[in-house]
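Participant: My questions will all concern the structure given below.
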Amino acid sequence: MKAFMKLIIASVALLLTGAAANPAALCNCCDTGANQGCTTACAPIKPTPGQCVATVDHAGKTKISTGDNPLYDIPLGNMYLEDAKRPHLEQLRKLLEVMRRGVEKDRRGIFQALAKGKIGESFAIQNSKRYDDAIVNYYLGLQAYRDHVSSAPEK
């Protein structure tokens, strides 16, 4: 029985550590200081002036740390996924889930800091609004995924 429990714990640990590495990055195509991967991913996109369009750099890496999450910064309302294949869309879905978990972790941290008196209530309210906006952004990205997955080619 102990060997079985160790196997389960090891499997869960492997799953949790594997989820942190994301072989994709979100790109904000109106950001002029984009890295090379995002510049390449944004090349086919021609947004109207004043409009920001997000897309995915499938070769990039997303770094998610406390307080630093693409869901806070990159608007996903009109995401460009026209040429994405199903494996790329699945990669995006997994990335969205990891980013959502990061936002949830940030939110828990804010509430814990508030409860311990480390931050003020106004700062907590400000971050609660930031969390709400990030969750809406997550659902916009998930909707873009759903809109494209059924018509995307397999490979």
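The values are calculated or read from the model by the stated rules, or taken from the named source; none is laboratory data. Keep in mind that what you see is a predicted model, and the values were worked out from it rather than measured. Glycine also receives a Cβ, built like all others from the backbone with ideal geometry; neighbour counts cover every protein chain displayed. Heavy atoms of the whole protein, side chains included, go into the accessibility calculation; ligands, DNA and RNA do not. Shrake-Rupley method; radii C 1.70, N 1.55, O 1.52, S 1.80 Å.
Participant: Please go through region 54-79 and pick out each residue that is touching a Pro at 6+ places or on another chain (Cβ under 8 Å) and at pLDDT 90 or above.
Facilitator: 54
Participant: Can you go through 44, 87 and tell me which one is open to solvent by 20 Å² or more (accessible area, probe 1.4 Å), modelled with pLDDT of 85 or more and either under 19 Å from residue 23 (Cβ atoms) or touching a helix residue (DSSP H, G or I) at 6+ places or on another chain (Cβ under 8 Å) (or both)? Spell out the reasoning first.
Facilitator: On the way: 44 fails: either under 19 Å from residue 23 (Cβ atoms) or touching a helix residue (DSSP H, G or I) at 6+ places or on another chain (Cβ under 8 Å) (or both).
Sole residue among the options that is open to solvent by 20 Å² or more (accessible area, probe 1.4 Å), modelled with pLDDT of 85 or more and either under 19 Å from residue 23 (Cβ atoms) or touching a helix residue (DSSP H, G or I) at 6+ places or on another chain (Cβ under 8 Å) (or both): 87.
Participant: Next question, about the same structure. Is it the case that some residue within region 125-142 is polar (S, T, N, Q), closer than 16 Å to residue 54 by Cα and touching a helix residue (DSSP H, G or I) at 6+ places or on another chain (Cβ under 6 Å)?
Facilitator: First pass over region 125-142, keeping only residues polar (S, T, N, Q): 126-128, 137.
Okay, now just the ones that are also closer than 16 Å to residue 54 by Cα, so 137.
Okay, now just the ones that are also touching a helix residue (DSSP H, G or I) at 6+ places or on another chain (Cβ under 6 Å), so 137.
Yes, because at least one residue in region 125-142 is polar (S, T, N, Q), closer than 16 Å to residue 54 by Cα and touching a helix residue (DSSP H, G or I) at 6+ places or on another chain (Cβ under 6 Å).
Participant: Return the only residue of 95, 142 being at pLDDT 95 or above and closer than 26 Å to residue 46 by Cβ. Break it down into steps so the answer makes sense when it comes.
Facilitator: Working: 95 fails: at pLDDT 95 or above.
Selected residue: 142, the only one of 95, 142 that is at pLDDT 95 or above and closer than 26 Å to residue 46 by Cβ.
Participant: Name the single residue, out of those in region 47-81 being open to solvent by less than 70 Å² (accessible area, probe 1.4 Å) and assigned to a strand (DSSP E or B), that is nearest to residue 107 (Cα to Cα).
Facilitator: So the residue we want is 65.
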